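Heads up, the thing below is written out as structure tokens.
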There are 2 protein chains.
Amino acid sequence: MTGRIRNQRFAAKVVEAPEAVELIEPGANVGMSGFTGAGYPKEVPGALAKRVAEAHSRGLPMKFGLWTGASTAPELDGALADVEGIDLRLPYQSDPVTRAKINSGLMDYTDIHLSHVAQRVWQGAFGKLDVAVVEVSGITEDGRLVPSSSVGNNKTWLEQADRVILEVNSWQSEHLEGMHDIYYGTALPPRRKPIPITRPADRIGTPYLECPADKVIAVVETESPDRNTVFTPPDETSERIAGHVLDLLETEVRSGRLPRELLPLQSGVGNVANAVLAGLGAGPFDGMTAYTEVIQDGMLALIESGKLRTASATAFSLSPAAIDRFNRDAAAYRDRILLRPQEISNHPEVVRRLGCLAMNGIVEADIYGNINSTHLMGSRIQNGIGGSGDFARNAHVSIFVTPSVAKGGAVSAIVPMVSHVDHTEHDVDVIVTEQGLADLRGLSPRKRAERIIANCAHPDFRPALQDYYDRALQSSFGLHTPHLLGEALSWHQRYLEEGSMRPAAAN
Amino acid sequence: MTGRIRNQRFAAKVVEAPEAVELIEPGANVGMSGFTGAGYPKEVPGALAKRVAEAHSRGLPMKFGLWTGASTAPELDGALADVEGIDLRLPYQSDPVTRAKINSGLMDYTDIHLSHVAQRVWQGAFGKLDVAVVEVSGITEDGRLVPSSSVGNNKTWLEQADRVILEVNSWQSEHLEGMHDIYYGTALPPRRKPIPITRPADRIGTPYLECPADKVIAVVETESPDRNTVFTPPDETSERIAGHVLDLLETEVRSGRLPRELLPLQSGVGNVANAVLAGLGAGPFDGMTAYTEVIQDGMLALIESGKLRTASATAFSLSPAAIDRFNRDAAAYRDRILLRPQEISNHPEVVRRLGCLAMNGIVEADIYGNINSTHLMGSRIQNGIGGSGDFARNAHVSIFVTPSVAKGGAVSAIVPMVSHVDHTEHDVDVIVTEQGLADLRGLSPRKRAERIIANCAHPDFRPALQDYYDRALQSSFGLHTPHLLGEALSWHQRYLEEGSMRPAAAN
């Protein structure tokens, strides 16, 4: 028995990864751990991909259903997609190889709200879960599992799968033990009860995952780092966006609409999110909390600064430098950080009750405030909706952030009509670009259009947007949401044909 | 004191409607009662419209913000819209005059989720609520208010408004007393607690609305019926849709995915909804419950049949014949029906916990399962989203129903791309037309398209949809959600230009 596997029944099942994957029958639905590149299995997926490649080289078909928490890493999604070993992938991915296969029509992908995954699997919406492959950071003397750097859907996979393969990763910090809060009180209706969280810090479960040793068909030992999340310092665009968001929050506090310690923060990942968090670190708010999906570098820094009392999430997504800081001081962080199953971190009931301040990135917004979070030019999936819908719909204030242009200025993030809708006009309170902020709360569609064009659009595209809107006001079928249907998607079409949304004269 | 006003302080404030409306200052935001044509004030709105018309005839501007529960009636929405007395209307309307003013650009309309209204008003998103005009069916000796045939946002209006005008309508059944459940436990974050409902029958509040007599500036006595909802017996199309829905429910029960008594029903109003409810009345399920917005004729019939144990809603929407039946037997119904504030009847927390079976009508769906519930040809508002989003997003199964064609066959309810999105692909489980049912749960966009085209489209439009999809598979930018952007909205454009979505050759 190594130090991390402290139970004999589990220790007796240790095998190498190639042996473990022989126990997964072709065609199986496999639930793997992993959320934003943290806590995914490190060796079994690669061994499985190798087995698929060998089968395919002999002309034998072999594919698997692959379900996770959210995004994983090249050695999981990338490896399996590369050999075309995935039949249906869900619920969120951000891997370039996987994305290419989906957009080539070689792989099915079901993009669903992250809070919906567990209940959908319980309902049997995706068929039977055959095998769970879950990374843990240790196994206790009495056979309980110490989760690793993400929780995601692991509780559900361990419960629903017939057979379980565990990876015990000794690279994960030993100090993770005690940080998790695994709630075993969920149920299918009509047996559901209130989720008893009224503050982000509330612990309602146990620090351990449970799994009968009988179900465990293999244990694989690993010592591998999580996917490195590169942290790049905020650029000027991100800082300007962050500045507008901070102005909004300060105005809300001054007007008495938000308490001085704000309400629980939810933040997506990436440069803009880190810039907002950095701004909050330098800002006037103390005693803040977060109820969110992911602890990224900026969130960790806010904890270090003492301004963030508690962060509840379902996963880490840290840079190597931040991981080092975390490991040095894990005991101190443990009182301030909780990792929960994603059905709880993203639960509409809890998000609504706590009144989260939701901040999420987007692909594009239209002049009426509809948001596309997922599709390039209406057809090509980028990543997925993730938890943005869970938070935006139920937030106290739902804020969407984006630079006003992309592709070196060829693409406007503000368009006449979005080419795909992930968040409807009913769920979007505030849109922010580096140009400015449009507070849409309470506004009719026409008033929203005026504000979005004036405040958020890039000056290079503002006149064309205003022109579209003005002409729509003249000749739209209805004037509630004025549109020229023959032209509404022409900016996207122009991009596909000419490589730019800019009018021909301006190219 | 009449029989309905049993408290002297309130009785002393009785005036006629024209006198009452003089107490509403021009430009005020006015919160009126009313939900699906039930429980709206009957005389004050008309008197206010008269005052507006007189002001306008003298060249004086006069407009009001008009906030309600949901739809009202010609004598409220219609009268005030007709004289252009409404500045901003929210959150749902179905009045032809109001609709025409909105679509002519003469009136602002903010269409929001019905569960969001109360918290938005508390947040101040629409400005200050100045005056509440609320119909009640009586006032008790100790000054509590007996609600009438809808609750809607009345609790919020009475709390938030500076001044209150009550209409006491003696036409409303005296037996309504005791039927309501007004919950006073809501709050703004961070002070929110779990909503303690675990079954539709749970009573968590009091049967009365509270309002300090000091705030009441006028009491108007009326004796006027609610708007009559015409009940037309289901036609063949509705019955076929209902048949498909019942088949689905029976399959779910047989496979063990639903209990024999089903889960709490939510149903929109109208012919198709009544046909489904009639089908349930003739079907194999006993001991059912409903957690919904509205008690319509079909719901009352289900209660009478003994098959529906409890119905929780926020309003009635009955035909005159059904109202007679209700009034004859109100005491018997009182144990089976609860009317709650719409923030509770539609609360995401409760809808998700109970696992409602949500059934809602639509304007159109696209081949990937996105739903347009509100806009004709992308720009003209029909009614509004109502509570469909509150239920669909959080339902155990979200079902959307529609005849496959409209306008005498000129318009297909299944289109390549919807012209407006109210429910995204992430929130739509099942689409049903008279042609058949598409169960989309767990499917990728391409698989959804195959099923929707094959099962739901009208045969007259099916080949053109299949042709669009096949060509999109050939030349779409991405193949996750294949689209031809130059053509995606061409069906709507053709309807605007030619009066039909049918291809020219087929017209």
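The values are calculated or read from the model by the stated rules, or taken from the named source; none is laboratory data. As the structure is a prediction and not an experimental result, all values here were calculated from the model. Here Cβ is always computed from backbone atoms with ideal geometry, including for glycine, and neighbour counts include all displayed protein chains. Quick note on the areas: whole protein, heavy atoms, side chains included, nothing else; ligands and nucleic acids left out. Shrake-Rupley method; radii C 1.70, N 1.55, O 1.52, S 1.80 Å.
Between the chain alone and the structure with every protein chain in place, find the residues of the stretch A:354-385 that drop at least 40 Å² of accessible area; heavy atoms, 1.4 Å probe. Buried on complex formation: A:Ser379, A:Arg380. Rolling a 1.4 Å probe over the protein chains gives B:Lys50 an accessible area of about 130 Å². With all pairs of different C-alpha atoms in the average, the Kirkwood value for the hydrodynamic radius of the protein assembly as shown is 29.4 Å.
Magnitude of the Cβ-charge dipole of chain A, K/R +1 and D/E -1, about the Cα centre, nearest 20 debye? The dipole of chain A has a size of about 1060 debye. Of the whole protein surface, A:Phe10 contributes about 10 Å² of accessible area at a 1.4 Å probe radius. Per-atom-type breakdown for the stretch A:236-459 gives carbon and sulfur 47% of the accessible area (1.4 Å probe, protein chains only). About its Cα centre, the dipole of the protein assembly as shown is roughly 960 debye, where the only charges are +1 on Lys and Arg Cβ and -1 on Asp and Glu Cβ. Summed over the residues of the protein assembly as shown and divided among them, the accessible surface reaches 31 Å² per residue at a probe radius of 1.4 Å.
Distance from the Cα centroid of the stretch B:266-326 to that of the stretch A:1-63 is 52 Å (rounded to whole angstrom).
Each label point was placed 7 Å from the Cα along the Cα-to-Cβ direction; for A:Arg191 and B:Gln382 their separation is 4.0 nm. Spatially, the stretch A:421-436 and the stretch B:177-207 are offset by 32 Å when compared through their Cα centroids.
Take every DSSP beta bridge whose two residues both sit in the stretch B:236-459; close to 30 percent of them are antiparallel. Counting Cβ atoms of other protein chains within 10 Å of each residue's Cβ and taking the mean over peptide B:341-350 gives 2.
By DSSP, the beta bridges lying fully in the protein assembly as shown are antiparallel in about 25 percent of cases. The calculated 222 nm mean residue ellipticity attributable to helices in chain A amounts to -8500 deg cm²/dmol, summing -39500 (n - 2.57) over DSSP H runs of n ≥ 4 and dividing by all residues. Legend: mean number of C-beta atoms from other chains within 10 angstrom of residue C-beta atoms, peptide B:417-429, equals 6. Between this copy and the others, label points of B:Ser170 are 8.8 nm apart in ascending order, each placed 7 angstrom from Cα in the Cβ direction.
Chain B and chain A together bury an accessible surface of about 7200 square angstrom, both sides counted, with a 1.4 Å probe and no ligands or nucleic acids included. Residues whose amide H falls under 5 Å from that of B:Glu364, counting only those 5 or more places apart or on a different chain, are B:Asn372, with hydrogens built in the peptide plane. For the stretch B:52-123, the list of trypsin sites (Lys or Arg not before Pro) that fall in a loop by DSSP and count at most 11 other C-beta atoms within 10 angstrom reads B:Arg58. When chain B is described by a simple charge dipole with +1 on each Lys and Arg Cβ and -1 on each Asp and Glu Cβ, the residue from B:Pro61, B:Ile371, B:Thr98 located farthest towards its positive end is B:Ile371.
Inter-copy label distances for A:Asp286: 6.6 nm (label point placed 7 Å from Cα along Cα→Cβ; shortest first). The amide H of A:Ser149, built 1.01 Å from its N in the peptide plane, has A:Gly39 as neighbours under 5 Å, considering only residues 5 or more places off or on other chains. The same position B:Pro259 in the other copies lies at 3.7 nm from this copy, comparing label points 7 Å beyond Cα toward the beta-carbon, shortest first. Peptides B:208-217, B:359-368, B:302-311, A:340-349 ranked from most to least packed give A:340-349, B:359-368, B:302-311, B:208-217, packing being the mean of other C-beta atoms within 10 angstrom over each peptide's residues. Using R0 = 51 Å, the C-beta based FRET efficiency linking A:Glu16 and A:Ile204 works out to 0.85.
Solvent-accessible surface (1.4 Å probe) assigned to A:Ile385 amounts to roughly 10 Å².
Working from label points 7 Å from Cα in the Cα-to-Cβ sense, the A:Lys50 to A:Gln474 distance is 6.8 nm. Let a ≥ b ≥ c be the square roots of the eigenvalues of the Cα gyration tensor of the stretch A:120-206; is it rounded (a/c under 1.5), or, if not, prolate (a/b larger than b/c) or oblate? It comes out oblate by the Cα gyration axes. Between the listed residues A:Val245, B:Asn169, B:Tyr495, the Cα displaced farthest toward the positive end of the dipole of the protein assembly as shown, a dipole computed from Cβ unit charges relative to the Cα centre, is found at B:Asn169.
Of the residues B:Ala213, B:Tyr291, A:Pro45, the one whose Cα sits farthest towards the positive end of the charge dipole of the protein assembly as shown is B:Ala213 (charges of +1 on Lys and Arg Cβ, -1 on Asp and Glu Cβ, taken about the Cα centre).
For A:Gln493, neighbours were defined as the other residues whose beta-carbon sits under 10 Å from its Cβ, and their charges (Lys and Arg +1, Asp and Glu -1) total -3.
Spin-label pair B:Ala100-B:Asp142: with each label point 7 Å from Cα along the Cα-Cβ axis, the two points sit 5.0 nm from one another.
Please say if the stretch A:1-134 is rounded, prolate or oblate, where rounded means a/c under 1.5 for a ≥ b ≥ c the square roots of the C-alpha gyration tensor eigenvalues, and otherwise the choice is prolate for a/b larger than b/c and oblate otherwise? Oblate is the answer for the stretch A:1-134, as a/c is 1.5 or above yet b/c matches or exceeds a/b.
Among the listed pairs B:Lys155/B:Lys193; B:Lys63/B:Lys215; B:Lys193/B:Lys215; B:Lys13/B:Lys42, give every one whose C-alpha distance is greater than 20 Å. The pairs that break the limit, which is 20 Å between Cα atoms, are B:Lys63/B:Lys215; B:Lys193/B:Lys215. What the phi angles of the stretch B:417-429 give under the Karplus curve with 6.51, -1.76 and 1.60, with θ = phi - 60°, is a coupling list of 9, 5, 8, 7, 10, 10, 10, 7, 3, 6, 10, 10, 8 Hz, glycine and proline written as x. For B:Glu221, the residues whose modelled amide H falls within less than 5 Å of its own, excluding neighbours fewer than 5 places apart on the same chain, are B:Val15, B:Val168. Other residues within the sphere of radius under 13 Å centred on the Cβ of A:Met299, judged by their own Cβ, net out at +1 (K and R +1, D and E -1). In order along the stretch B:321-328, the phi-based Karplus estimate (6.51 cos²θ - 1.76 cosθ + 1.60, θ = phi - 60°) of 3J(HN,Hα) comes to 5, 5, 4, 4, 4, 4, 5, 5 Hz; Gly and Pro are listed as x. Of the GluC sites (Glu not before Pro) in the stretch A:82-158, which ones lie in a loop per DSSP and count no more than 13 other C-beta atoms within 10 Å? The qualifying sites are A:Glu141.
Around the Cα centre of the stretch A:8-222, unit charges on the Cβ atoms of Lys, Arg, Asp and Glu (plus for the first two, minus for the last two) sum to a dipole of about 760 debye. Report for chain B the percent antiparallel among DSSP-assigned beta bridges with both residues inside it, nearest 5. About 25 percent, rounded to the nearest 5. Across the accessible surface of the stretch A:8-222, with the other protein chains kept in place and a 1.4 Å probe, carbon and sulfur atoms take up 52 percent.
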